[in-house]
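A.B. asks: Below is a structure I'd like to ask you about.
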Amino acid sequence: MGEDSAQGPDVTTTAEQGEDLKVESHDPAVPEAYAAFMRTGWADVERELPAHPVVPRAGLRRARLAEAFPGERLVLPAGTFKVRSNDTDYRFRPDTAHTYFCGNQTTDAVLVVTDGEPVLYARPRSGRDSDEFFRDRQYGALWAGERPSLRELEQSLGLPVRHRDELEAELARTGTKTRVLRGLDAEVDAGTAPDEARDAELARVASELRLVKDAWEVDQLQEACDITTLGFEDSVREWDRVREFGERWLEGTFFRRARAMGNDLGYDSIVGAGSHATTLHWIDNTGPVLPGQLVLLDMGVENRNLYTADVTRTLPVDGTFTPLQRDLYELVLAAQQAGIDAVRPGVAFTSIHQASMTVLAHGLGDLGLLPCSPEEALAPDSRVYARWTLHGTSHMLGMDVHDCARSAPEVYPRGDLAEGMCLTVEPGLYFQADDLLVPEELRGIGIRIEDDVLVTADGSRNLSAALPRTVADVEAWMGSLLP
Ligand code: GLY
Ligand code: MN
């Protein structure tokens, strides 16, 4: 490549055709003879694609969205590539609402629903009659892979699909009240008049419609949890390498399982050994894993339909808990169980947190750490116990790890649970290494236990129950897997 590029300036090129292409300064020159030759002799690669599994439900989802905004035009972009550095992008992950309402996972597509009628504007496969397919680093088939054709998208997604080039004219068409999910697609943002309140309403409704999961979505979440279980098992199986390479090996081992069986991680893995476990979102994962420590693993696989698990286990590096570690672990476990036991339809979302925190506050009182009684510490105008619990116990889970986050506060988080919602229950105790208000032996210990809990008609189902939680079960499970 280096040799060819050195010849670049001396030969006739198709530079004018390259102006709209994503090319780099070190790419070799493209003489007309080469370009012309490249455009000939290719087979027709049109494929027959099966219907995407979301098709039977996406129409209903769009109908519910349209019902909230009768007669209006709703614009939901997939988004595009995000730069990591210079010409290197992150792997593309479409916007959740976009994919929820049509199933598409290709970049640069925009779903437009006008009074209930959907059209997907998509960037198709690059034709063999231009330079794009062999020169463009983002969209060219020979660089980035073959994109589906418009016909293939139409066939697999079961809705009308038009070329993305037609979107500008569609958005310029005035007379229909329009709402846009903003911040995803610069061209869409520039081509539509913003109305902050109106657009926020669309984001809110798109978020709230995802709160209750249907049976297919529950299967997706279960699959994400099951792959996550395998990833945790892989991690313990590699404990000798974990001792050698530390947190980085755990992160890498779990990621391998996520890529092998799912789409990706649902979020950056949190791997905290020793005092790193007291940093809630420790994603540097650069530390050693040492004998006698606990290691906190907060990891979740996103499956191929983009539903994610979010599971935390805190494991003794030696395979067995010390008496102090066990006592603290069992306190967190009791708090988590109280939270899980509180999950059922009709109760306030916040009551799960309350149930867990009541247990932890009393436990902290028993340890002699509180400056007041547990009841006083639990009062809304005090919350001093939270010095050692830090975060909320639950969040909604779905296609986003912190799912449905744009909902109206009175619906979520201040609303009630309903059958079909899925939430995490994840209390923790965190004693910072420099906390002078706790005995020395507690400093630098962090413990969190997190499961993914579905609200059922009469209670709940723990989707991540395959991973052991009790002291005895964790020790037996590690004992069966340790190398
Ligand atoms: N799993 C990380 C979080 O819930 O924030
Ligand atoms: Mn979580």
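A.B. asks: Could you work out the pair-distance distribution P(r) of the chain from its alpha-carbon pairs, with 10 angstrom bin width and percents rounded to whole numbers?
C.D. replies: Percent of pairs per bin, in order: 4, 17, 24, 22, 17, 11, 4, 1, 0.
A.B. asks: Take peptides 124-130, 55-61 and line them up by average Cβ neighbours within 10 Å, highest first, as a rough protection proxy. Provide the component values of the computation, followed by the final result.
C.D. replies: Details: 124-130: 17.1, 55-61: 15.4.
In descending order of packing, they fall as 124-130, 55-61.
A.B. asks: Over what distance in Å are the Cα centres of the range 322-379 and the range 380-412 separated?
C.D. replies: Computed from Cα coordinates, the inter-centre distance equals 15 Å.
A.B. asks: Using the alpha-carbon centroid of each, what span in Å lies between the range 456-483 and the range 72-133?
C.D. replies: Here the answer is 39 Å between Cα centres.
A.B. asks: Order these by the 10 Å Cβ neighbour count, fewest first: 280, 467. Intermediate values should be presented prior to the final figure.
C.D. replies: Numbers: 280 15, 467 23.
Ascending Cβ contact count within 10 Å gives the list 280, 467.
A.B. asks: Looking at the range 268-370 from every direction and averaging, what is the projected area of its Cα convex hull in nm²? The partial results should precede the final answer.
C.D. replies: Values: hull surface 34.5 nm².
If you wrap the Cα atoms of the range 268-370 in a convex hull and average its projections, you get 8.6 nm².
A.B. asks: Can I ask one more? Tally Lys and Arg at +1 and Asp and Glu at -1 over the other residues with C-beta under 12 Å from the C-beta of residue 238: what net charge comes out?
C.D. replies: Working: positive: 237, 241, 243, 248, 256, 257; negative: 233, 234, 240, 244, 251.
Surrounding charge for residue 238 is +1.
A.B. asks: Another question about this same structure. Over the alpha carbons of the range 219-298, what is the largest minus smallest coordinate on each principal axis, giving the biggest first in Å?
C.D. replies: Result for the range 219-298: principal-axis Cα extents of 38, 26, 17 Å.
A.B. asks: In whole Hz, what ³J(HN,Hα) sequence does the range 169-181 give by Karplus (6.51, -1.76, 1.60; θ = phi - 60°), x for Gly and Pro?
C.D. replies: Karplus values, whole Hz, x for Gly and Pro: 5, 4, 5, 6, 5, 9, x, 10, 4, 10, 10, 10, 7.
A.B. asks: Could you tell me what % of all Cα pairs in the range 190-247 have separations over 13 Å? The partial results should precede the final answer.
C.D. replies: Working: 1249 of 1653 pairs.
Percentage above 13 Å: 76.
A.B. asks: Next question, about the same structure. Around residue 78, what is the net charge, scoring Lys/Arg as +1 and Asp/Glu as -1 over all other residues with Cβ under 9 Å from its Cβ? Each step should come with its number before you reach the end.
C.D. replies: Details: positive: none; negative: 95, 108, 185.
The answer is -3.
A.B. asks: Follow-up. What's the exposure ranking of 463, 482, going from fewest to most Cβ atoms within 10 Å? Please list the in-between numbers first.
C.D. replies: On the way: 463 22, 482 13.
Ordered by Cβ neighbours within 10 Å, fewest first: 482, 463.
A.B. asks: Using only Cα atoms, find the angle between the long axis of helix 215-237 and the longest principal axis of the chain, and express it within 0 to 90 degrees, rounded to the nearest 10.
C.D. replies: Around 70 degrees separate the two axes.
A.B. asks: Going by the alpha-carbon gyration tensor, a ≥ b ≥ c the square roots of its eigenvalues, is the range 338-483 rounded (a/c under 1.5) or, if a/c is not under 1.5, prolate (a/b greater than b/c) versus oblate?
C.D. replies: oblate
A.B. asks: Something else: Given the DSSP H assignment, sum -39500 (n - 2.57) over each helix run of at least 4 residues in the chain and divide by its residue total; what's the result at 222 nm in deg cm²/dmol, nearest 500? Intermediate results must be reported in sequence, preceding the final value.
C.D. replies: Values: 18 runs with 177 residues, N = 483.
The helix-only estimate for the chain comes to -10500 deg cm²/dmol at 222 nm.
A.B. asks: Grab the other residues whose beta carbon is less than 14 angstrom from that of residue 68, score K and R as +1, D and E as -1, and report the net. The partial results should precede the final answer.
C.D. replies: Working: positive: 61, 62, 64, 73, 177, 179, 198, 204, 210, 406; negative: 67, 72, 115, 199, 201, 208.
Net of charged neighbours comes to +4.
A.B. asks: Here's something else I'd like to know. Which of the lysines could a cross-linker bridge to residue 82, judged by Cα under 27 Å and excluding same-chain residues fewer than eight apart?
C.D. replies: 22
A.B. asks: A follow-up question, please. Run through the range 337-425 and list the trypsin sites (Lys or Arg not before Pro) located in a DSSP loop whose Cβ has at most 13 other Cβ atoms within 10 Å.
C.D. replies: On the way: sites: 383, 387, 406, 414; in loops: 383, 406, 414.
The qualifying sites are 383, 414.
A.B. asks: Taking H as built 1.01 Å from N, whose amide H comes closer than 5 Å to the amide H of residue 311, not counting residues under 5 places away?
C.D. replies: 299, 300
A.B. asks: What are the equivalent ellipsoid semi-axes of the range 50-121, built from the alpha-carbon gyration tensor (square roots of five times its eigenvalues), in whole angstrom, biggest first? Each step should come with its number before you reach the end.
C.D. replies: Details: eigenvalues 137, 40, 14 Å².
In descending order the semi-axes read 26, 14, 8 Å.
Laboratory data are not the source of any read-out in this text; all were calculated from the coordinates shown. Remember, it's a predicted structure, so these values are computed and weren't measured experimentally. All Cβ positions, glycine included, derive from the backbone under ideal geometry; neighbour counts span all protein chains shown.
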